[in-house]
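**Student:** One structure follows; several queries about it will come next.
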Amino acid sequence: MDLSVWGVTEEQIKEFRDWLNKQEHLPDVPDEYLARFLHSCYFNLEKAKKALDSYMKLKTKAPELFSNRNLDGEQMQKNIENCYLGILPTTTSKGYSVIWGRLMTPDSSKFSTEEGLKAMYLTVDRLLLERKGCPGIIFVYDTDNFTIRHIFKTAISTIRNYFEYIQEAVPMRHKTIHLINVGSITTYLMAAIRPFVYKEHLKKIHFHPSNNIDGLLEDIPKEQIPSDYGGCGPSLRKISDDNCNSIRSHSDWFKFDETLKMKDMKKFK
């Protein structure tokens, strides 16, 4: 494996591997996993160890989010039809990648939060597979069709697991979350998530009123923004279709990844 794309050295990988070999509760993982965590933690080995441990813990205790990682299940198919999600084809001037998502209907019966998060995690993993050494990831969520019913049908444990994933576990450099087309629902949304969000992470969340994406332009040039939003990029539908096709092309990797979990459940106690 070419470690240079992650900016890590063989010595750093060896030190990480030596530690991993002594952790009986953790699975053996490829060097690229170790490189991902080192890169995401800005090459701080102790932080990388903690993140890897948290990641494997979360994968093991939340099978509803990390098992059956394919796009062909009945509920996942329903989600794909009613929630567009994908990676913008080009990066920002700083080299950041952008993941953009939008519910296409306010009907909460057509959307599963667990399957939606599973799709998002698949998308993040796809990005890390295809854009090794990505210096940062920006998330854009269109809340236009998000309703109070979506909040009520989401388990507290799912919200907790999501923020554990994004704040402590996932091997990526998370930069910003942009919530666009926000309305009164934002008050209820923030009340639901605030207990699980670190203070420093709250500073990364930016709100943009309906039909106003001017604030996005500070991070994302108009040339990249989907055409649905007045930008010059491809439509969100095409971005979402491309994302599904690419995820399917990595099916063997996702099957392997599912096998990587903690060995000792007692470590959760």
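The values are calculated or read from the model by the stated rules, or taken from the named source; none is laboratory data. All values reported here derive from a predicted model rather than from experimental measurement. A quick note on method: Cβ atoms are made from the backbone with ideal geometry, for glycine too, and the neighbour counts reach across all protein chains shown. The accessibility values were calculated without ligands, DNA or RNA, using every heavy atom of the protein model including side chains. Shrake-Rupley method; radii C 1.70, N 1.55, O 1.52, S 1.80 Å.
**Student:** What does the extension gain come out to for LYS94 and ASP241, with contour length at 0.36 nm per residue minus their alpha carbon separation?
**Tutor:** 50.3 nm
**Student:** In addition: Could you check the simple spin-label distance between GLU15 and ARG149, using points 7 Å along Cα→Cβ, in nm with one decimal?
**Tutor:** Those two pseudo-labels are separated by 5.4 nm.
**Student:** Projected onto the charge dipole of the chain (+1 at Lys/Arg Cβ, -1 at Asp/Glu Cβ, origin at the Cα centre), which of SER67, ILE151, LEU127 gives the Cα projection farthest towards the positive end?
**Tutor:** The Cα lying farthest towards the positive end belongs to ILE151.
**Student:** Rolling a 1.4 Å sphere over the protein heavy atoms, what is the accessible area per residue of the chain, to the nearest Å²?
**Tutor:** 48 Å²
**Student:** Calculate how steeply helix 31-40 sits against the longest principal axis of the alpha-carbon atoms of the chain, using the helix alpha-carbon long axis, and give the answer as 0 to 90 degrees to the nearest 10.
**Tutor:** 60 degrees
**Student:** Ok, one more. So I have [x] 63, 39, 33; [y] 69, 52, 32; [z] 52, 39, 37, and one of them is Cα extents along the principal axes in Å calculated from this model. Which one is it?
**Tutor:** Among [x] 63, 39, 33; [y] 69, 52, 32; [z] 52, 39, 37, the one calculated here is [z].
**Student:** How far apart, in nanometres, would the label points at ASN68 and LEU202 be if each is projected 7 angstrom from Cα along the Cα-to-Cβ direction?
**Tutor:** A separation of 3.7 nm, rounded to one decimal place.
**Student:** Can I ask one more? Between ASN212 and SER227, 0.36 nm times their residue separation minus their Cα-Cα distance comes to what?
**Tutor:** 4.0 nm
**Student:** Which value, in Å² and to the nearest 10, is the accessible area of ARG237 when all protein chains are kept and the probe is 1.4 Å?
**Tutor:** ARG237 exposes around 120 Å² with every protein chain in place.
**Student:** What percentage of the solvent-accessible surface of the stretch 198-242, computed with a 1.4 Å probe over protein heavy atoms, is contributed by carbon and sulfur atoms?
**Tutor:** Carbon and sulfur atoms account for 49 percent of the accessible area of the stretch 198-242.
**Student:** What trypsin sites (Lys or Arg not before Pro) in the stretch 194-231 are in a loop by DSSP, with at most 10 other Cβ atoms within 10 Å of the Cβ?
**Tutor:** When the trypsin sites (Lys or Arg not before Pro) of the stretch 194-231 are filtered for loop state and at most 10 Cβ neighbours within 10 Å, LYS203 remain.
**Student:** Summing -39500 (n - 2.57) over the DSSP H runs of n ≥ 4 in the chain and dividing by its residue number, what mean residue ellipticity at 222 nm do you reach, to the nearest 500 deg cm²/dmol?
**Tutor:** -13000 deg cm²/dmol
**Student:** Which residue, ARG126, ARG194, ARG248, has the most motion in a Gaussian network model of the chain that connects Cα atoms within less than 10 Å?
**Tutor:** Per the Cα network of the chain with a 10 Å cutoff, ARG194 tops the list.
**Student:** Could you give the length gained on full extension between ALA192 and ASP2, defined as 0.36 nm per residue of separation minus the Cα-Cα distance, in nm?
**Tutor:** Going from the current span to full extension adds 64.2 nm.
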